[in-house]
Amino acid sequence: MAKKAILLLLTVMAVSGVSPTVYTVGDVGGWSSLCVVNYTEWAAAIEFQVGDILYFEYDPGFHNVVQVRREDYHACNAKNPIATYSSGKDYIKIKSPGHYFYICGFVDHCKLTDQKVDIRVPKHH
C-alpha cells in the first residue's frame, strides 16, 4: 500500500510539473561585477515559480548576496538587510509569490556595476 501511495505522489508531481528548477543567477557569468551580465534581462527571461531555487555562485572575498526591500534595492542600500549570504555558493529557495530583491553588499558593486537582481514570482502560474 505504501509503495502505491508513493508511486501515485510521484506521478502527480511529474504530471503537474511540481519539481523545482535550480537557476544559477547570471548563468555562466555567475554573480559578479567583473563580467558583463545584465541581471535585469536575465531575470526577465525566466518565469520563476514557488519552490524554485536560486543559486548564487561567486568569490566570497569579493562579493556577497544581500536580500533587501524594494526601496533599498533601488537605492543600492545594504544597511538594512532581510538576509545576508556570504558562502560563495548560496542556494535560496523561493517560498512564496512576490518580488525578491538581491544586491551585492560590497562597496559600489550595486551602484557602479548594477550587481543586483529583482526576482519576480507570479501568484498564479
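Only the coordinates and a few stated rules stand behind these numbers; no lab work does. Quantities reported herein were computed from a predicted structural model and do not represent experimental measurements. Reconstructed Cβ throughout: ideal geometry from the backbone, glycine too, with neighbour counts over all protein chains shown.
If you take the Cα centroid of region 62-120 and the Cα centroid of region 37-52, the two points sit 14 Å apart. In this structure, the amide hydrogen of Asn64, modeled 1.01 Å from its nitrogen in the peptide plane, lies closer than 5 angstrom to those of Gly105, Phe106, counting only residues at least 5 positions away or on a different chain. Relative contact order of region 21-112, taken over Cα pairs closer than 8 Å and 6 or more residues apart, is 31 percent.
When only C-alpha pairs under 8 Å and at least 6 residues apart count, what is the relative contact order of region 63-125, in percent? Let's see the in-between values first.
Details: 98 pairs, mean separation 23.4, N = 63.
Once normalised by length, the contact order is 37 percent.
First select every other residue whose beta carbon is under 12 angstrom from the beta carbon of Gly30; then total the charges, Lys and Arg +1, Asp and Glu -1.
-3
What is the Rg over Rh value, at two decimals, for region 47-125, using alpha-carbon atoms and the Kirkwood definition of Rh? The Rg/Rh ratio comes out at 0.96.
Compute the orientation-averaged projected area for region 81-125 from the convex hull of its Cα atoms and round it to one decimal in nm². Before the final figure, lay out the partial values.
Details: hull surface 15.6 nm².
The orientation-averaged projected area of the Cα hull of region 81-125 comes to 3.9 nm².
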